[in-house]
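Asker: Below: one structure in structure tokens.
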Amino acid sequence: MKLHLKSLRRVKKKQDSMLESESQTSRIPIAVVPKLPPKPELTYEDVMKDQLFLMVPSLWNESVPFPSAVLKQYYTPNTGTGIKSCLQPISKEITNLLQLLPCNQKASIFARVEEGRIDGMKVVMTGPVGTPYAYGCFEFNVFFPPNYPHVPPTLKLVTTGSGTVRFNPNLYETGYVCVSLLGTWPATKPEECWQPNKSTLLQVLVSIQSLIMTEFPYFNEPGYEVHRSPTYPASLAYNRNLHIQTVKFAILGQLRNASLLDIGGFGKVIRNHFYLNKNEVKDQVRKWANADMFHVITWNTLTMEVEQELEKLVALEE
């Protein structure tokens, strides 16, 4: 019996020793791995800023002709005759664009030029938020004539629904762009005219985006300004039509045909622009649709098609 009690005491002593050892071990501080903060989401500017201006190997071909009807008078592929005199001022324009092209979710401008053909340029301008052009992508061709900068560049709007849509009193269905800086619109002040060695293409582009693509473009028409009012019936009707045309040609048309612009690097820009604005575009289209009781069937179709096309954009393109 005594032997049995001694054995029990030894076992108890051993258990107590083990418990004490475990207690001491438990008091040893354990290194805590700090939780990393969540990775911030990329903003529109983060993604798109490196895509604002690019020089690409090829921009023009038979289906996308160089933007000058008088090209042969000015240029021969072997010598570049006719454009040498304006290479330096065009290079300054390019430097200006590289540094100052606007890039934000509300309104951006992207430009491309072909290596060895800097007298021609292609531009994609996004419609400013809060206007009937919101989130649309509007394509322009730019040409610098040989006597540039003594004369302004020429611009042509390409996004016209194949010549069927006049998007603005200053933007014709033929692609004609009326801007005083270009000499295609009467200027009321000398500073509104093109001034050699002072005026720039960037000024022209920003003028189109901010002064032409306005909230109520109806009043851009000469003489209509006297009726300016946010509730003027003719202006509201004008905007209702523009909403439909913007969705048809500057949103749906660009989404469906973005691959055609891959040659100049614009396909990626267009797809990423709409991917980053996917929810905003859906909301804008629904808002336009809900406010237009005159074109219910058209809007039902357009709303469905926009959502279908946007759902095809599953990730950003690197």
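Values quoted throughout were computed directly from the atomic coordinates according to the rules given, and no laboratory measurement underlies them. Worth saying up front: this structure is predicted, and the values here are computed from it rather than measured. Quick reminder, even Gly has a Cβ in these numbers, built from the backbone with ideal geometry, and neighbours come from all protein chains shown.
Asker: Among the aspartates and glutamates, which fall within straight-line cross-link reach of LYS282, defined as a Cα-Cα distance under 20 Å, with same-chain neighbours fewer than 8 residues apart omitted?
Answerer: GLU215, ASP292, GLU305, GLU307, GLU309, GLU311
Asker: With the cut-off at 32 Å, tell me which of the pairs LYS122/LYS248; LYS189/LYS278; LYS106/LYS189; LYS49/LYS248; LYS189/LYS268 have Cα atoms farther apart than that. Please list the in-between numbers first.
Answerer: On the way: LYS122/LYS248 21 Å; LYS189/LYS278 42 Å; LYS106/LYS189 30 Å; LYS49/LYS248 27 Å; LYS189/LYS268 40 Å.
Those over the limit are LYS189/LYS278; LYS189/LYS268.
Asker: Which percentage, to the nearest 5, of the DSSP beta bridges contained in segment 44-311 is antiparallel?
Answerer: 85 percent
Asker: Still on this structure: Which ³J(HN,Hα) values in Hz, rounded to whole numbers, follow from the phi angles of segment 210-216 under the Karplus curve 6.51 cos²θ - 1.76 cosθ + 1.60, where θ = phi - 60° and Gly and Pro get x?
Answerer: Each residue's phi maps through the Karplus curve to give 9, 9, 9, 7, 9, 5, 10 Hz.
Asker: Within 10 Å of each residue's Cβ, count the other Cβ atoms and sort SER259, SER199 from fewest upward.
Answerer: Ranking SER259, SER199 by Cβ neighbours within 10 Å, fewest first, gives SER259, SER199.
Asker: May I ask you to sort LYS287, LYS248 by Cβ crowding, counting other Cβ atoms within 10 Å and putting the fewest first?
Answerer: Ordered from fewest to most neighbouring Cβ atoms within 10 Å, LYS287, LYS248 come out as LYS287, LYS248.
Asker: Right, something else. Each residue of segment 167-176 in turn: what ³J(HN,Hα) in whole Hz from Karplus with 6.51, -1.76, 1.60 and θ = phi - 60°, glycine and Pro shown as x?
Answerer: Karplus-based 3J(HN,Hα) across segment 167-176 equals 6, 5, x, 9, 10, 7, 5, 7, x, 4 Hz.
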